[in-house]
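Encoded as structure tokens, the structure appears first; notes follow it.
The values are calculated or read from the model by the stated rules, or taken from the named source; none is laboratory data. Since we're looking at a predicted model, the values are computed, not measured. Heads up: the accessible areas ignore ligands, DNA and RNA and are worked out on the full protein's heavy atoms, side chains in. Shrake-Rupley method; radii C 1.70, N 1.55, O 1.52, S 1.80 Å.
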Amino acid sequence: MTDMTSNIATEAPKKRSAQKTEFMVYFAIIFVATLPLACLTWALAAIKSRSFTDKGPMARAWTQARIITPMIFNA
């Protein structure tokens, strides 16, 4: 007798993988788009405070992309 409880549908992982890929593509586009503004705001903040210990431009752009990308997918 065959055990049918171990057969799992293979469609769900493919759909999940496609959604993750789409999310990462949007994330990359938004990250690249926010990078110039993040560099500018970081430079202005560094000049104003005369300190480079604050979050760098890459971290700022990464944070903005982490905030904006889920907003697109929730709409």
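Tabulated data
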read-out	value
Segment L40-F23, extension gain: residue separation times 0.36 nm, minus the distance between their alpha carbons	3.5 nm
Accessible carbon and sulfur surface of the range 13-75 relative to its total accessible area, %, 1.4 Å	68
Solvent-accessible surface ranking, highest first, for T53, T34 at 1.4 angstrom	T53, T34
Solvent accessible area, Å² - M71, 1.4 Å probe, full protein context	120
